[in-house]
1. Tally the DSSP beta bridges in chain D and give the antiparallel ones as a percent, rounded to 5.
2. So what is the calculated 222 nm ellipticity per residue for chain C, using -39500 (n - 2.57) for each DSSP H run with n of 4 or more, over all residues, to the nearest 500 deg cm²/dmol?
3. Give me the angle, in degrees from 0 to 90, between the Cα long axis of helix D:239-248 and the longest principal axis of the Cα atoms of chain D, rounded to the nearest 10.
4. What is the pair-distance distribution P(r) of region B:159-203, computed from all Cα-Cα distances in 10 Å bins starting at 0, with each bin given as a whole percent?
5. Quick check: pseudo-label points 7 Å beyond the Cα along Cα→Cβ at residue B:323 and residue D:15, how many nm apart are they?
6. Just to confirm the numbers: residue D:217, label point 7 angstrom along the Cα-Cβ line, distances to the other copies in nm, shortest first?
7. Could you identify which residue out of B:283, B:241, B:149 has the top mean-square fluctuation in a GNM of chain B using Cα springs shorter than 10 Å?
8. Based on alpha-carbon centroids, what's the gap between region A:214-249 and region B:207-279 in Å, whole number please?
Ligand SMILES: Cc1ncc(C[n+]2csc(CCOP(=O)(O)OP(=O)(O)O)c2C)c(N)n1
Ligand SMILES: Cc1ncc(C[n+]2csc(CCOP(=O)(O)OP(=O)(O)O)c2C)c(N)n1
Ligand SMILES: [Mg+2]
Ligand SMILES: [Mg+2]
């Protein structure tokens, strides 16, 4: 009988509380029984993306300080989690970022300037999501997670092999929407990996005030899916674990929750006051575990890259930063009439009237 | 450092997938390594409450069929879960029932007639929650779970030792509100036991379409709290497990999720059409596992009760049913003016105007 | 009108493989109102199926499906049970096209059985249209007749905008017979359901039938009432209503929701702006009391019935008198 | 006004041990707008603390606390982030007293920084008052001055009804100085902020200051505008407004929310009902466009500024002219 069979679902393997680590903080390889580091080319690519990401974070933070961006939520310190997760995606896969995931987006291929449209205040979302297979940056926490479930469900229905990576913060896991998305993904068995960047803080609220769980990855148990803990400052480990989870998911073995333990080194945004809630010693502790230093050490130790290549990475990063700077120096002409287009498929008469009125107002000024 | 300590929270013991059972379906005691059946007096009391509950379910279903109740969601088959849970409460504890938990409420001491006010359509909630330490029956699924967390939090702040039992269905666990309540309870460490009556169906939707979890009790892991599986048709086991969970919770060891595996034998409500979605064989299967038969067999086997006492229980049940019948036969005078009182602490002028207008309308008729 | 809605879903499923119908109990049970009756068995459970019980998740996944080219039609079991999805509806569904400058269109239909009059216990009779109509980016429609139920649901499913499709649940069993398929006027346009010269009764959804009854009774007393059925509440094309009120000079808006801050306020304010110099009296609103929806045994006092409408009609005639005497 | 709100919370915490303040980041950080600055350190984290990040849970637990005699004051970090709590607000908070015939009273205050004008990115500038004012059982209030911010918040916390306390976030930094504590008029009453004879400007929250500026400019051009600050939006005591409009014969309502289905519709409809025969022209509404709240660089076109208000004032004068010529 069905109702008895249901009870025989196996308990998925519990996530180990010890995060998967493949490279230690001194850049030495670390053995792991289940995961192996990606090959040299990928390791180099991870590092290159982090170098660009770090520079992008710096540049955007500077622009925010200068008032050229309305706001910028920096992910300095979290580059490994973002880059490691995104580079594990296949070409056809989608990314569902939050506001803190500009580096992930840039790595995923979104035009760096367009990732900043939201923060510059020109428009809400600056790019065509279909073009980049990247959903709009999401501000209402945890709300885009169910979109990823729906999108991958639709793709499967249309016979396409599309998986999705959802990026969310530790704080976002407290929202009901996170729960509903995990559950829908599990019940519908859609290929989604939920990558929780546990950066220890939700603005000023420490993670132990969000959850009493052994780890956030343990939430997976309650949905009958797999959970993984990974050292979020080890790009190789994040890549290996997310790649594995994506492969499992697309093979039909279910979605997964991956918790990447990392740290937000910068303030929440440029208008935050972290001295009010956290000890500078904590920042220092984590700065010693910087994801870039670590991977660079490995790459140098093992001669995967040399000074020349590292310089090229730096130059690539500078070019991205320069392009962003240039574009932000100017002022785009924003047409107020654009407020009325794209509210509906066609502009309804009532809005047409408002458009005319606004045009008249502006003529009068 | 705090952020590293946080990771060392222990994994709570996993719920066993085998539900705790203390009395088998033939009324024989069943050994369990951690739980023991309550004493004779409690066993007798459990049975008495179930006899009354069963009769109450029948009576209310009849009244609904006769159109004297607008609707009645019967819990026939679930009496052990409700009675077992409620009788484990201490005198000062609160109950947070859903619409299906009339039997729990009656057992908790709420006037049986007043539990039906909602279903009769006279008013939304028929009793003073403070008087019975029983929140209003809750229709929007999972929404009263966080109320229990807040209430027990407030009680602790006021120095009172109050725990709460929240009753919810398998379907309700899919709602974001269930998640948020579990999480708040865990983080605030409030003495709440969430008793999930997994009756296999959420109206027409089977539980395997709600969740892919090994058991619903496994959800506890993701909140860092304890989960228990219990045979929901074994009143002794439900009582033992809920009593244990309550004791742990009030001792400060955290809230718990208890999944009671049971079955809704009647339709969802009197207007449901179960033949559309479930196999009658399933109902037959569960009817053989009836909670009343089972406990009665034990009580008789062990001579805890005799025919005389059982007859008294039946008479008590008849008296409750008779009282309900009588009160439902009449028609209460409902004063339309009562629509306006208690919307606000005092009737605002705008409502006063509407009250006058309605009174005039009614005079004219 | 339940049968007409069922047929509309059926025809949409048959025509367009991208249409899917899901929600709570819409599969084998056919929904608690049986609007999706037999769809699961006839089209297979790939096309019509039960989802987990979580409204925010239902709307959220529908958004994701629509991002990938599907046309999901989801059901909220009752009006008040759509509130858990409010954030998804307001912050995503309504705004996605605008946020992305048209790159993402979300052809999602949210079907919501709404309103009272069926003896439902609390939380089963809310009229929530005002929450949605105040949210730019949503189309909010509600049919008043079975023919419109069919035609407007087809149009809603074909529409590239997200549509909140409010089904007046007490009209599910309406016996008005109708030949299907049928195509009525585009949903964006209001229609005059009954011509009249003395006063305009503005109604939508469940109150259309009530307004027509009231108009009949008023006619018996010599007052010719025009009844306008609004159909699409937002965006609102006020042309039909404005033309009518300019002719009749008097108007009453009727809805079930509480009057305060209700949709009728918008209609009254707008009609007044457009027709001020034609009005003989203020536009009146007849609707629910400003109280939580009452229990079944008291709901008759809340719902705007024929008598309450006629009282407003009378009052307006008296008011017009006043204008003639003092104006 | 931020400082006045902080002082109000401070004084309420000091006076009543049942008051607690919680929400996201209200503890050590003092809230993202610093309204709860230093409360956690001064009163201890038993009295002012950070909760998990889940708005429905925040309101739900506040309901439970209030059931047991506490007076929770919770903060939603921004307007749009209150939507996850919508079901708790509408289906429980607003209805609990009514459901239980007064046995349960819920003295909960939900503080919501609302409205635009601070260059916030999407979802950070919504004006959501219409959603709440249409929900019977809630008191919805919004202060327009620092003195009112203090006095009304104290009154809200002491009130036995649930109060949605809307804080006009762009006025947090208002430099108007005020001696605290202060007691202003009871929040249920509107006040005339500036007397005038020619026209009534009706405003609330963030638009009070804008309306006063517009009135100054109009005065320079010889038009004496009366400004009414509504303060408590629901339940609405229309006595002050009605008296004013009966005197001036012309009215304009100003708010930031989209005009369509906004709170201004209720005010316009109601004032018209009460004052029809005194009105020289229709009540006009000046508010946000019927579009999703724009990005920072375009928000100036959405927000009703002095110019847009003055244009409406002009139009009404022209309309009155029309009445005199043709009326
Ligand atoms: C639904 C919702 N509630 C509140 C907020 C306000 N808010 C923005 S960021 C933030 C903290 C998020 O923390 P976390 O999820 O850990 O992400 P992080 O910022 O650390 O990357 C809060 C409370 C929001 N954006 N959405
Ligand atoms: C928020 C919400 N959504 C939908 C409903 C409609 N509804 C009433 S009962 C029910 C099924 C509930 O199933 P379950 O939680 O298993 O409880 P049971 O009825 O089996 O006791 C549904 C969907 C509701 N009451 N509340
Ligand atoms: Mg975080
Ligand atoms: Mg169930």
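Values quoted throughout were computed directly from the atomic coordinates according to the rules given, and no laboratory measurement underlies them. In this text, all values refer to a predicted model and were calculated from it rather than measured experimentally. Backbone-built Cβ (ideal geometry, glycine too); neighbour counts: all protein chains shown.
1. 15
2. -10500 deg cm²/dmol, from helical runs alone.
3. Once rounded, the angle reads 20 degrees.
4. 25, 50, 21, 4, 0
5. About 4.5 nm separates the two model spin labels.
6. 5.1
7. Judging by the Gaussian network model, the answer is B:283.
8. 28
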